[in-house]
Amino acid sequence: MIQMKKFLLFMTLAASAAQMSAQGFDNLPIPAVEEKVIDNTPDSIAKALMNRPAPGSTRQGENPVLFLIGNSTMRNGTMGNGSNGQWGWGYFANKYFDGRKISVENQALGGMSTRNFYTDLWPAVREALKPGDWVIVSIGHNDKADFFDKKRARGVIDGVDPDTMIVGFNERKQIPDTVYSYGHYLRLYIKDIRQAGANPILMSLTPRDAYGPDGRIVRKPQTQWASYVAATEGVPFVDLNEISGAKIDRFSPWKEKYHFYGDHIHTSAYGAELNARSAAEGLYYSHNPQLKPLQAMMTGVELPAYGEGREPGKPMVFITGDSTVKNFDQDEDGMWGWGSQAGLIFDPAKITWENVAMAGRSTRRYINEGRWERVYNALQPGDFVLIQFGHNDICSITDAKERGVIASAADTCHVYQMEKDGRYELVYSFGWYLRKMIDDTMEKGATPILLSLTPRNEWPGNKIERRNDSYGQWYREVVAQTGVAFADVHNISADFLEKKCHSSSDEKSKARAAKYFNHDHTHTSKLGAQMNARSVATALRAIHSPLANYLRK
């Protein structure tokens, strides 16, 4: 039955597309793997319907559905899969709702305004509504446009006046047409939703990449219009524009930019996830009693954070990295990361620490898994963050582990398709991910310290391997770009190993150094972990880091 409904819906739009093609719209590009958004065109609407769920088709039994109504900032591109590096926040919205209680259905489409979504796409959604459903209407980025032009005919009248209108001839549809105000169309959605026994929610728009004369992200005028309609109609209102805008106002200019991609309106995955969280927070923390049933079906809105061991009056140092920082850290004869030995170097009377490194992680995967978010959320002014990655970063970008990065310190990125599930991801460079962590730390008033990666037990030419022409070079380029403190653990530990273990051949030198390693040439024994921990202390003192004041005497 669901498949039949989806097929009939597609055939209806396909017929509409064919009709518009007959009117001279048959010279449009057919998107495959998109490099830019193709929106609100006959081919786009037809193709989008094959990738969007048929309205109501995600319903589980008698559970309600949360329908999302919007444009490309909510669902980007014809395919909506990030293949153009842009994402809409509706893609990430379901992570904040309990799928056992409610399904989230993103019915947004790029290029739509309040008006042409209502006339072209809304009827199918309206037909799918059932009592107890919820509908978020957050649309308006495209409303400032021509009223009756051939390509889109999507413009509406500014404001909320219920009586103002413009009559003309719609060249796209080849029919007489009447255009009403932004507020009028919002009232139409509200009326229809209520008639179906569902629950309407108005939400302001996502922020744009635009600053006002006050140095803040520009707030859109639709906020006031939607807020007014919500108040007069007795509908819950969430000011997404303000919630996200206030967050972005705290960002550095560099960070603000990477929340957008390709232009000044469409978001990267970072921007889309920020807006999805802001929307969820606006709903979850609202005091409007009408939202209580929906709030009971939400999950994961509270910010995840490390730092449970924080002690009053003491700063905290968070140690990030891979298995060379955190390993099994239990068996005396097993593999250890140096973070397990932090008690050898830090004075517990002065500072607390938490080893939040994870084996097998690269900068990219550490961030994508949400581990960095937990550090970021836990940071307080006066804290420190030690950042040490590299062993897992330069490898396949698209394989199942999804941890490879672009081998560079440049501020660059590229869209890749993952082998595991065909998903697209905008992947950045090694230096970019380091800069992100550095910038985030400074934003919170904490001190980032970049550590070069630990050396491996490799002795080419009977000298211990020094990766100063790859990772070492990229570290130093990032240091030059950001001014971040840099503790060169790599060369300090390498100097120690050469002094203690150098012999008459590379094999003999490697054998002598083996007691500092375990299992292979990268992972350290407990003795090696202690060596690297002491190298961290030496490096902090050498650069006169403020963190050195918290080391044991």
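So how many Å³ per residue does the convex hull of the Cα atoms of the range 309-354 work out to? Walk me through the numbers on the way to the answer.
Details: hull volume 3.4 nm³, N = 46.
Cα convex hull per residue, to the nearest whole number: 75 Å³.
Taking the radius of gyration and the Kirkwood hydrodynamic radius from Cα positions alone, what is the Rg/Rh ratio for the range 335-489, to two decimal places?
0.97
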What figure, in Å² to the nearest 10, do you get for the accessible area of LYS257 with a 1.4 Å probe and non-protein molecules left out? 100 Å²
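Determine, for each peptide in 437-444, 245-252, the mean count of other beta carbons within 10 angstrom over its residues, then list the peptides with the highest first. Before the final figure, lay out each step's value.
Numbers: 437-444: 19.4, 245-252: 15.6.
Ranked by mean Cβ neighbours within 10 Å, highest first: 437-444, 245-252.
From the P(r) of the range 369-417, can you give the percent of Cα pairs sitting at distances over 12 Å? Working shown, then result.
Details: 872 of 1176 pairs.
For the range 369-417, the share of Cα pairs beyond 12 Å comes to 74 percent.
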Quick one: angle between helix 2-20 and the longest Cα principal axis of the chain, in degrees between 0 and 90, rounded to 10, please. 70 degrees
Between the range 340-406 and the range 230-302, what's the alpha-carbon centroid distance in Å? 27 Å
At 1.002 mPa s and 20 °C, Stokes D of the range 211-359 from Kirkwood alpha-carbon radius, µm² per second: 110 µm²/s
Dipole axis of the range 409-464 (+1 Lys, Arg; -1 Asp, Glu on Cβ), positive-most option in VAL427, CYS413, PRO460: PRO460
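What does the charge count near GLY360 come to, summing +1 for each Lys or Arg and -1 for each Asp or Glu among other residues with Cβ under 10 Å from its Cβ?
Numbers: positive: ARG361, ARG365, LYS401, ARG403; negative: ASP322.
For residues surrounding GLY360, the net value is +3.
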When Lys and Arg each count +1 and Asp and Glu each count -1, what net charge do the other residues less than 10 Å away from PHE260, Cβ to Cβ, add up to? -1
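Contact order normalised by length for the chain, with contacts defined as Cα pairs under 8 Å and 6 or more residues apart; what percent is it?
Details: 1141 pairs, mean separation 57.3, N = 553.
RCO, the chain: 10 percent.
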Want the number for SER408 to HIS519: 0.36 nm per residue separation, take away the alpha-carbon distance, what's left? 37.0 nm
Report, to two decimal places, the Cα Rg of the range 302-411 normalised by 2.2 N^0.38 Å (N = number of residues). 1.14
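Taking 30 Å as R0, compute the FRET efficiency from the Cβ-Cβ separation of SER396 and ALA296 and round it to 0.05.
Details: r = 43 Å, r/R0 = 1.44.
Given R0 = 30 Å and the Cβ-Cβ separation, E is 0.10.
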Dimensions in Å of the range 271-321 - Rg and Dmax from alpha carbons: 16.0, 45
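What is the antiparallel percent of DSSP beta bridges lying wholly in the chain, to the nearest 5?
Working: 18 of 50 bridges.
Bridges in the chain are about 35 percent antiparallel.
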Kindly state, as a whole number, the per residue volume in cubic angstrom of the convex hull around the alpha carbon atoms of the chain. 174 Å³
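Report the rotationally averaged projected area of the range 472-553 based on its alpha-carbon convex hull, in square nanometres. Walk me through the intermediate numbers first.
Details: hull surface 26.6 nm².
Result: 6.7 nm².
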Using 0.36 nm per residue of separation minus the Cα-Cα distance, give me the extension gain between SER505 and ASP333 in nm, one decimal. 59.3 nm
The chain - mean residue ellipticity at 222 nm from DSSP helices (-39,500 (n - 2.57) per run, n ≥ 4, rounded to 500): -9500 deg cm²/dmol
Let me see the pair-distance distribution of the range 347-392: every alpha carbon pair, 5 Å bin width, integer percents in order. 5, 17, 30, 22, 14, 9, 3
Note: the range 117-183, point scatterers on Cα, Debye, no solvent; log10 I/I(0) at q = 0.12 Å⁻¹ equals -0.37
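Could the peptides 490-496, 125-131, 180-186 be put in order, highest first, of the mean number of other beta-carbon atoms found within 10 Å of their residues? Mind dumping the intermediate values first?
Values: 490-496: 21.0, 125-131: 17.7, 180-186: 23.9.
For the peptides 490-496, 125-131, 180-186, the packing ranking is 180-186, 490-496, 125-131.
Which sequence of THR454, THR299, THR398 reflects their accessible areas, 1.4 Å probe, from the largest down? Intermediate results must be reported in sequence, preceding the final value.
Working: THR454 0, THR299 65, THR398 25 Å².
These residues rank, largest area first, as THR299, THR398, THR454.
The values are calculated or read from the model by the stated rules, or taken from the named source; none is laboratory data. These figures come from a predicted structure and were not determined experimentally. Here the Cβ is made from the backbone with ideal geometry for all residues, glycine too, and neighbour counts use every protein chain on show. Surface areas here come from the heavy atoms of the whole protein model, side chains and all, with no ligands, DNA or RNA. Shrake-Rupley method; radii C 1.70, N 1.55, O 1.52, S 1.80 Å.
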